[in-house]
Amino acid sequence: MPVWEKPPKIYLVDGNSYFNRPGPRILDSLEILAYCTYPDLFSEFGERYKKDLIELGPGLQLK
């Protein structure tokens with residue numbers, strides 16, 4: 001199946017903790033974005049932040 005035909009992956013992350021405030025957590029935010037964009041390359045970040053990262057399946061159902 002071509003990449004453009006695959007359903008997109010959607011993740012939920014706590015914006016107040018990672019994305020809405022500047023500070024030292026900017027590195028954490030970049031690591032989360034790296035994992036969401038390229039999970040095969042940055043799988044260690046997925047393990048590190050799995051408690052804060054929720055993946056939604058088809059139909060926006062929690063996995």
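Every number here is computed from the coordinates shown, using simple stated rules; none is lab data. This one's a predicted model, so the numbers in the text were calculated from it and none came from an experiment. When we count neighbours, we look across all protein chains shown, and the Cβ atoms used for this are built from the backbone with ideal geometry, even at glycine.
Worth pointing out:
- With θ taken as phi - 60° and the Karplus curve 6.51 cos²θ - 1.76 cosθ + 1.60 applied, the whole-hertz 3J(HN,Hα) list for the range 28-43 is 4, 4, 5, 5, 5, 5, 4, 5, 5, 7, 9, x, 6, 7, 10, 5 Hz, x standing for glycine and proline.
- Relative contact order, whole percent, for the range 3-60 stands at 46, derived from Cα pairs under 8 Å and 6 or more residues apart.
- Computed packing ranks the peptides 34-47, 10-23 as 34-47, 10-23, most packed first, by mean other Cβ atoms within 10 Å.
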